[in-house]
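What follows is a single structure, written as structure tokens, with notes after it.
The values are calculated or read from the model by the stated rules, or taken from the named source; none is laboratory data. All values derive from a computational prediction rather than experimental measurement. Here the Cβ positions follow ideal geometry from the backbone for every residue, glycine too, while neighbour counts run over all protein chains shown.
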Ligand SMILES: NC(=O)C1=CN([C@@H]2O[C@H](COP(=O)(O)OP(=O)(O)OC[C@H]3O[C@@H](n4cnc5c(N)ncnc54)[C@H](O)[C@@H]3O)[C@@H](O)[C@H]2O)C=CC1
Ligand SMILES: O=C([O-])CC(=O)C(=O)O
């Protein structure tokens, strides 16, 4: 029996908008794990094409079967199952994530609109900072249902917390599970009560002052790397974090992960994207889990939501002012 070679089999497809450090590292992880074909898009001519060719040539060593294309043209991203937005400025020492809002809002909104126009059935994952505000704006312009739009931050922040705990205890990371909620910034909400070592709460193993030190290091995890690198931020752990979310979606491997998701009354919060524990599977965010938070934890989550909402209002006012001067 012969099969007509003209009949093509299609693989899942991930479009990554922004072929910078996070975008290109994510592309490498996705194809080398054989998860999906990747289209990498950027505005800098030659960059996405060069990275794609370089990654393609590594197939001779890595022996995966995934395709990767670099492009400047959104039409090439069509029919993606997942669109990841990493386009935008990273911060440098002395700059907060919030300082990036004005510039990145315009980049993220345009990139989302153009990518989703070619992939209206995609799940959208936002990475660009300030994360919670950018995810809201991307959701608004995408026109997608909220369960198909999410921001990556909690997976990264939890991974950092786990790393610092493992280092402190001299244990393998395999045994450590952490939960970090809230916004991706100074108001993130690490939850030591839900952080365990093989089911043992860390409060049984570490002094409160040590836990507080590790919580603080987690809160400043991004800035610690920005200050070391000087010219940009972290990208290996961020790319690994997005890849974990992509695996849950594409392999339909439902995971319980902290994700910036759209809240409609959960935790007493409305109309905001914020890091909360979610069931993530092939259709996107299938469920938001409402943990039985203590008063202080809930107040911290609500404070984070308030700050995100205020920043969103400021960015939207700025966008409206810009639009009126252009008229
Ligand atoms: N949510 C999170 O946990 C994390 C968020 N980030 C954020 O992700 C973003 C990207 O970070 P990096 O990759 O390190 O920065 P980078 O500077 O290496 O890459 C950004 C890329 O976006 C491209 N770009 C700019 N405008 C564009 C547009 N209109 N359309 C398409 N591409 C465009 C640039 O040419 C550049 O290649 C930053 O905002 C950073 O703060 C980074 C790490 C973790
Ligand atoms: O700190 C930054 O600017 C990048 C980021 O969000 C992180 O690494 O957590």
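So for the stretch 156-165 (the condition being more than 14 Å from ligand 1 (Cβ to nearest atom) and either at pLDDT below 95 or over 21 Å from the mean Cα position of the chain (by Cα) (or both)), does at least one residue qualify? Even if it seems obvious, please write down each step before you answer.
Let us first name the residues in the stretch 156-165 that are more than 14 Å from ligand 1 (Cβ to nearest atom), namely 162-165.
Adding the requirement that they be either at pLDDT below 95 or over 21 Å from the mean Cα position of the chain (by Cα) (or both) leaves 165.
Yes, the stretch 156-165 contains at least one residue that is more than 14 Å from ligand 1 (Cβ to nearest atom) and either at pLDDT below 95 or over 21 Å from the mean Cα position of the chain (by Cα) (or both).
Please note which strands (runs of 3 or more DSSP E) are completely contained in the stretch 232-319 and include at least 3 residues that are within 16 Å of ligand 2 (Cβ to nearest atom) and closer than 30 Å to residue 30 by Cβ.
Working: elements: 255-264, 270-281, 284-288.
Fully inside the stretch 232-319 and qualifying: 255-264, 270-281.
Looking only at the stretch 153-178, which residues are surrounded by 24 or more Cβ atoms within 10 Å (Cβ to Cβ) and outside any helix (DSSP H, G or I)?
Passing the criteria: 153, 178.
Of all residues in the stretch 179-198, which are at pLDDT 95 or above, assigned to a loop (DSSP other than H, G, I, E, B) and either surrounded by fewer than 17 Cβ atoms within 10 Å (Cβ to Cβ) or on the phi > 0 side of the Ramachandran plot (or both)?
Across the stretch 179-198, the qualifying residue is only 198.
Output the number of the condition that residue 114 fails; it satisfies all remaining conditions of (1) surrounded by fewer than 24 Cβ atoms within 10 Å (Cβ to Cβ); (2) under 29 Å from residue 267 (Cα atoms).
Every condition holds for residue 114 apart from (2).
Quick check: anything in the stretch 59-82 at pLDDT 95 or above, in contact with a helix residue (DSSP H, G or I) (Cβ under 7 Å, 6 or more places away or on another chain), closer than 20 Å to residue 126 by Cβ and buried (at least 24 other Cβ atoms within 10 Å of the Cβ)?
Yes, the stretch 59-82 contains at least one residue that is at pLDDT 95 or above, in contact with a helix residue (DSSP H, G or I) (Cβ under 7 Å, 6 or more places away or on another chain), closer than 20 Å to residue 126 by Cβ and buried (at least 24 other Cβ atoms within 10 Å of the Cβ).
Being buried (at least 24 other Cβ atoms within 10 Å of the Cβ) and either part of a loop (DSSP other than H, G, I, E, B) or within 11 Å of ligand 1 (Cβ to nearest atom) (or both) is the filter here; which residues of the stretch 135-144 pass it?
135 - this is the single residue of the stretch 135-144 that is buried (at least 24 other Cβ atoms within 10 Å of the Cβ) and either part of a loop (DSSP other than H, G, I, E, B) or within 11 Å of ligand 1 (Cβ to nearest atom) (or both).
Taking the options 318, 245, name whichever one is over 22 Å from residue 20 (Cβ atoms) and in contact (Cβ under 8 Å) with a residue 24 or more places away in the chain. Walk me through it before giving the result.
Numbers: 245 fails: over 22 Å from residue 20 (Cβ atoms).
Result of the check over 318, 245: 318.
At least 2 residues that are more than 30 Å from residue 307 (Cβ to Cβ) in each: list the strands (runs of 3 or more DSSP E) lying fully within the stretch 28-134 that qualify. First the steps, then the outcome.
Values: elements: 37-41, 68-71, 82-85, 123-126.
In the stretch 28-134, the matching strands (runs of 3 or more DSSP E) lie at 37-41, 68-71.
Just to verify a result, which residue in the stretch 96-121, among those that are free of Cβ contacts under 8 Å to residues at least 24 places away in the same chain and within 10 Å of ligand 1 (Cβ to nearest atom), is nearest to the chain's Cα centre (by Cα)?
Top of the filtered list is 107.
If you check every pair at least six apart or on different chains, which have Cβ atoms under 6 Å apart with a residue in the stretch 45-59 that is touching a residue at least 12 places away in the same chain (Cβ under 8 Å) first and a residue that is part of a helix (DSSP H, G or I) second?
Listed by first residue and then by second, the contacts come to 51/24; 55/28.
For the list (1) within 19 Å of residue 184 (Cα to Cα); (2) out of contact with any strand residue (DSSP E or B) (no Cβ under 6 Å at 6 or more places or on another chain); (3) free of Cβ contacts under 8 Å to residues at least 40 places away in the same chain, I need the number of the one condition that residue 211 fails.
So the condition that residue 211 fails would be (1).
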